[in-house]
Amino acid sequence: IYALFVSAGVFEEGTLTESFVDIFGGTALILGGLLSVWAISHRPAGERWDRSVPRKLIGTGPYAYMQHPLWIAHLLIGIGMIFLLDAYGFLFLLLVIGMVYQRIIEPAESQFLRKYFGETFDQYCRTTPKYIPRVLPKGNLFFGRRVRFREIGPMLALILLVFLFESIESAQNRPFISVFYRWLRPSSTVRTE
């Protein structure tokens with residue numbers, strides 16, 4: 001799918017506008033990745049895989065400032081990828097995914113949490129905005145105790161892969177990529193004796 005939209009040619013390579021779009025995309029990607037890791041680090045250990053772990057409402061880290069930090073993180077990552085890779089056709093897909101989340105997934109999740117946590121969840125909803133924090137975080141900016149590589153490894157790999165694609169796409173890096181490719185795959189010589 002990426003190949004259908006790559007090199008959209010919307011902004012000419014090397015222009016100020018293209019550089020701004022790349023910086024915007026890279027910044028959104030990195031901020032989304034950091035927010036995702038920050039949110040994951042405040043979740044209880046093993047709660048994603050082990051259903052016997054007692055559940056409690058998370059109110060630390062980014063969850064103290066917004067109800068859906070992982071959704072915002074993934075949205076930022078998606079926007080960053082689209083702008084960094086010049087794959088603007090995916091903006092429509094991202095909009096559709098956002099609408100499905102907002103209309104179907106988020107209400108079902110809220111209903112489940114309201115049933116599970118009761119008044120505690122209602123109080124949390126009254127004091128914490130859904131997506132955009134009312135104030136900038138002053139404290140509680142540190143990662144939680146549960147930063148595990150199996151949780152953040154795929155996020156870091158995705159970010160590195162996007163920056164690799166951006167590097168390959170850039171005309172100024174193509175000679176380096178060609179040399180690197182030849183170094184990885186030296187041509188085999190056939191000996192005839």
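The values are calculated or read from the model by the stated rules, or taken from the named source; none is laboratory data. In this text, all values refer to a predicted model and were calculated from it rather than measured experimentally. Just so you know, the surface numbers come from the protein's heavy atoms only, side chains and all, with ligands and any DNA or RNA stripped out. Shrake-Rupley method; radii C 1.70, N 1.55, O 1.52, S 1.80 Å.
Which order do you get for Ile104, Ile79 if you rank them by accessible area with a 1.4 Å probe, largest at the top?
Ile104, Ile79
How much accessible surface area, in Å² rounded to 10, belongs to the heavy atoms of Tyr131 with a 1.4 Å probe?
Solvent-accessible area, nearest 10 Å²: 50 Å².
Would you tell me the accessible area of Leu164, worked out with a 1.4 angstrom probe on the heavy atoms of the protein chains, in Å² to the nearest 10?
90 Å²
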